[in-house]
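Chemist: The structure under discussion is supplied below as structure tokens; questions concerning it will follow.
The values are calculated or read from the model by the stated rules, or taken from the named source; none is laboratory data. It should be emphasised that the depicted structure is a prediction, and the values quoted were computed from it without experimental measurement. All Cβ positions, glycine included, derive from the backbone under ideal geometry; neighbour counts span all protein chains shown. The area values use the complete protein model at the heavy-atom level, side chains included, leaving out ligands, DNA and RNA. Shrake-Rupley method; radii C 1.70, N 1.55, O 1.52, S 1.80 Å.
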Amino acid sequence: MEERSPPPAGDINGKARNPLSSTTSLRLSLTPSRSPDQTYVVQIPRDQVYRVPPPENARIVENHRKPDSQKKNKCTCCCWILSVLIGLAIMIGNIVLIIRALYTPKCPEFSITNIHFKNVTHPSNGHGQKNNIHPQPYPQFEMELKIVNVNERMDVAFGKGNNGKAALIFKKHEIGQGKYPSISQKPKDSTNVHFNLDVGKLAGDTEKGLEVDKKPIMMTLSVHAPLEITSWAKDLKKNLIVTCDFDVESLMTNKSKIKSEICQTDF
């Protein structure tokens, strides 16, 4: 029998081993093939095979990711700041609207409740005439005007500083004039104001017209005075003109009576 020769060195199970350097180089081995095409096998040493990216690649990736995250953080901060500013603006706007609705100044309401003609006597100016001193009649119209503060949260001052003036007009003639007194009112307050108007010398036709007793006569009261409406939220100051047209019956007697009246202002 023929003896089998042992396989050549380096041949295990009939296959040849290609030696590789494990540290530095890459070798290409060409395996013989009967086919016309040639096949190349690339073998890579184990110390150059990476299961995870090298640290240099990780740093590059992190450097690319940081700007994106910073941009996102800046956008988030800007959105939060913008939302807070919009919320504050809406809140302030609502507060302003509520204050303006609750503290809108309103003009007081005026009405004439009574008028009375009276004679006030004053001593004459006859100095040195001891035996001829006689009292002289000094006619006046005594007026009563009702004022109602319709504001629910605001105070009213009308005629402050005693700078108000009042006049009584009959047939386009001013028959009485005087000062209007100062008053102050709390919210929803009502006040009856008394003041006197001095009567000058009346013409004959005017005096006869005032003495009519059987039917009402038409007259006009005009008041010019400063008006102040105040509160912690808002104040208003202006010169107010009040015009009251009224009909009075039995003016020259003690039983005078207001039959109708209407007051208007330039508020």
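Chemist: Taking amide hydrogens as modeled 1.01 Å from N in the peptide plane, which residues meet the under 5 Å criterion relative to L251, leaving out close sequence neighbours?
Modeler: Long-range HN contacts for L251: none found.
Chemist: Using a 10 Å cut-off on Cβ atoms, rank the peptides 179-186, 259-266, 248-255 from the highest mean neighbour count down.
Modeler: 179-186, 248-255, 259-266
Chemist: For a 28 Å ceiling on Cα separation, which of these pairs sit above it: K146/K179; K234/K257; K201/K237; K106/K201?
Modeler: K234/K257; K201/K237; K106/K201
Chemist: Would you please give the residues with an amide H less than 5 Å from that of D189, counting only those at least 5 places away or on a separate chain, with H modeled from the backbone geometry?
Modeler: N149
Chemist: Quick one: net charge of Y180's neighbours, Cβ under 11 Å, K/R +1, D/E -1?
Modeler: +3
Chemist: Here's another thing I want to ask about it. Please list, ordered by chain and number, the residues whose modelled amide H lies under 5 Å from the amide H of I241; skip anything fewer than 5 residues away on the same chain.
Modeler: D266
Chemist: Pop out the carbon and sulfur fraction of the accessible area of the stretch 164-203 as a percent, whole number, probe 1.4 Å.
Modeler: On the stretch 164-203, the fraction of accessible area on carbon and sulfur atoms equals 50 percent.
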